[in-house]
């Protein structure tokens, strides 16, 4: 796979009026015998949001809980000389997309059985660095049969392809794919607590978001969520690997 990941997110939307649990409690359940490196809670937020995070398995893992939704997110670890942008530096991304997806999904599978789920999702935010302005020709590998006008720059393309959930065929999956392009700016590793006034690097990118989720209009009551998340993982990784070929 030539894509890397900006983030990988497993999400569970809970049924209305369901129970709410704190992120620190969820972390202990998602990673048995472990405690998070960091914890935040906003008691004044209307959705009672809290988050627990830590660097695990070579990724930054964040477990977030709020009324109606829990998520497990894997993001890259970024280590760089504070305030120094090295020549050719690119944004931090996850190279081991399959491994990070496995960790996020396995953590969510430990959490899911204790919730009444209304909807589940797995989102891969993928990208690769491009040189200069992104032209339509630079997307020919990703979108070989999609016609763009000659000379087009900053191309984008998206669709949603429906399919049955393999473990529960009466449930419909949305398979949302979005190819995009643009520039991202980032600081070269400022020290925590120091104002972000160091040198900024700019990098062009081609992005590919894969969002596999169950339709919000369907009831997941009785669906084995462990099997369902396995199906979401298999589907999302196959799309990331094969792109348009997955649907043809």
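The values are calculated or read from the model by the stated rules, or taken from the named source; none is laboratory data. The shown structure was predicted, so the numbers you read here are calculated from the model rather than taken from an experiment. Every residue, glycine among them, receives a Cβ derived from its backbone with ideal geometry; neighbour counts consider all protein chains shown.
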### Query
Hey, does the range 10-17 have a residue that's over 30 Å from residue 244 (Cβ atoms), part of a strand (DSSP E or B) and touching a strand residue (DSSP E or B) at 6+ places or on another chain (Cβ under 9 Å)?
yes
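Taking the options 50, 44, name whichever one is crowded, with 19+ Cβ neighbours inside 10 Å and over 16 Å from the mean Cα position of the chain (by Cα).
Details: 44 fails: crowded, with 19+ Cβ neighbours inside 10 Å.
It is 50.
Can you pull out every residue in the range 201-248 that is under 20 Å from residue 106 (Cβ atoms) and outside any helix (DSSP H, G or I)?
In the first step, residues of the range 201-248 are kept if they are under 20 Å from residue 106 (Cβ atoms); the result is 210-214, 220, 223-241.
Hits for the range 201-248 are 210, 211, 212, 213, 214, 220, 223, 224.
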### Query
Looking at this structure, is residue 167 at pLDDT below 95, surrounded by 14 or more Cβ atoms within 10 Å (Cβ to Cβ), over 19 Å from the mean Cα position of the chain (by Cα) and closer than 23 Å to residue 97 by Cβ?
no
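In the range 216-242, which residues are in contact with a strand residue (DSSP E or B) (Cβ under 7 Å, 6 or more places away or on another chain), within 18 Å of residue 160 (Cβ to Cβ) and either surrounded by 14 or more Cβ atoms within 10 Å (Cβ to Cβ) or at pLDDT 95 or above (or both)?
Going through the range 216-242, the residues in contact with a strand residue (DSSP E or B) (Cβ under 7 Å, 6 or more places away or on another chain) turn out to be 216, 218, 220, 223, 225, 228-229, 231-233, 235-236, 239-240.
Restricting the remaining residues to those that are within 18 Å of residue 160 (Cβ to Cβ) gives 216, 218, 231-232, 235-236, 239-240.
Within the range 216-242, 218, 231, 232, 235, 236, 239, 240 meet the criteria.
This table checks each residue for (1) under 28 Å from residue 99 (Cα atoms); (2) under 21 Å from the mean Cα position of the chain (by Cα).
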residue	(1), (2)
136	no, no
143	yes, no
152	no, no
157	yes, yes
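Kindly evaluate residue 36 against the criterion of being surrounded by 14 or more Cβ atoms within 10 Å (Cβ to Cβ) and more than 30 Å from residue 241 (Cβ to Cβ). Please lay out each step first, then the result.
On the way: surrounded by 14 or more Cβ atoms within 10 Å (Cβ to Cβ): yes; more than 30 Å from residue 241 (Cβ to Cβ): yes.
Yes; evaluated as a whole, the condition is true for this residue.
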### Summary
Across the range 138-152, the tally of residues that are exposed (fewer than 13 other Cβ atoms within 10 Å of the Cβ) and outside any loop (DSSP other than H, G, I, E, B) stands at 0
### Query
Out of the residues in the range 53-70 that are touching a helix residue (DSSP H, G or I) at 6+ places or on another chain (Cβ under 8 Å) and closer than 20 Å to residue 115 by Cβ, which is surrounded by the most Cβ atoms within 10 Å (Cβ to Cβ)?
63
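Is it the case that some residue within the range 115-126 is touching a strand residue (DSSP E or B) at 6+ places or on another chain (Cβ under 8 Å), assigned to a loop (DSSP other than H, G, I, E, B) and either at pLDDT below 95 or closer than 24 Å to residue 216 by Cα (or both)?
Within the range 115-126, the first condition is being touching a strand residue (DSSP E or B) at 6+ places or on another chain (Cβ under 8 Å), and the residues that meet it are 115-126.
With assigned to a loop (DSSP other than H, G, I, E, B) added as a condition, the list becomes 115-116.
If we keep only those that are either at pLDDT below 95 or closer than 24 Å to residue 216 by Cα (or both) too, we end up with 115-116.
Taking every residue of the range 115-126 in turn, at least one turns out to be touching a strand residue (DSSP E or B) at 6+ places or on another chain (Cβ under 8 Å), assigned to a loop (DSSP other than H, G, I, E, B) and either at pLDDT below 95 or closer than 24 Å to residue 216 by Cα (or both).
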